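Data first, discussion second: the structure below is written as structure tokens.
The values are calculated or read from the model by the stated rules, or taken from the named source; none is laboratory data. Quantities reported herein were computed from a predicted structural model and do not represent experimental measurements. Virtual Cβ from ideal backbone geometry, glycine too; neighbours counted across all protein chains shown. To get the accessible areas, we keep the full protein, side chains included, count just its heavy atoms, and leave off ligands, DNA and RNA. Shrake-Rupley method; radii C 1.70, N 1.55, O 1.52, S 1.80 Å.
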Amino acid sequence: MTYGTTVTTDRDFAETVELTRAALADNGFGVLTEIDVQATLKKKLDVDMEPYLILGACNPQLAHRAL
């Protein structure tokens, strides 16, 4: 099973992260966790890779309803 969404943009990474955070906030989501995959792999494995950030977002009302 494949699961995911891909979006392509011409914006730089930092601007894209900023716009993503704003879009999440506009829709009632807050970022609970942030994993900088690029930094983690560099630190743990000395591997260079493109910027890669995982944002763990939550909408409290939707989470409460689901739980």
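Being surrounded by fewer than 12 Cβ atoms within 10 Å (Cβ to Cβ) and polar (S, T, N, Q) is the filter here; which residues of region 44-67 pass it?
Within region 44-67, just Q61 meets the criteria.
Could you give me the residue pairs with C-beta distances under 8 Å whose first residue belongs to region 1-27 and is over 15 Å from Y52 (Cβ atoms), whose second residue is among the hydrophobic types (A, V, I, L, M, F, W, C) wherever it lies, and which are 6+ apart or on separate chains?
R11/L19; R21/V31; R21/L55; L24/V31; L24/L55; L24/A57
Restrict the check to region 7-28 and report whether at least one residue is part of a helix (DSSP H, G or I) and touching an Asp or Glu at 6+ places or on another chain (Cβ under 9 Å).
Yes, region 7-28 contains at least one residue that is part of a helix (DSSP H, G or I) and touching an Asp or Glu at 6+ places or on another chain (Cβ under 9 Å).
Show the residue pairs meeting these rules: Cβ distance below 8 Å; 6+ apart or different chains; first residue within region 34-54 and more than 18 Å from D12 (Cβ to Cβ); second residue part of a loop (DSSP other than H, G, I, E, B).
Listed by first residue and then by second, the contacts come to L41/V47; L41/M49; K42/D48; K42/M49.
Before we move on, is L41 out of contact with any Ser or Thr (no Cβ under 8 Å at 6 or more places or on another chain), open to solvent by less than 70 Å² (accessible area, probe 1.4 Å) and part of a helix (DSSP H, G or I)?
yes
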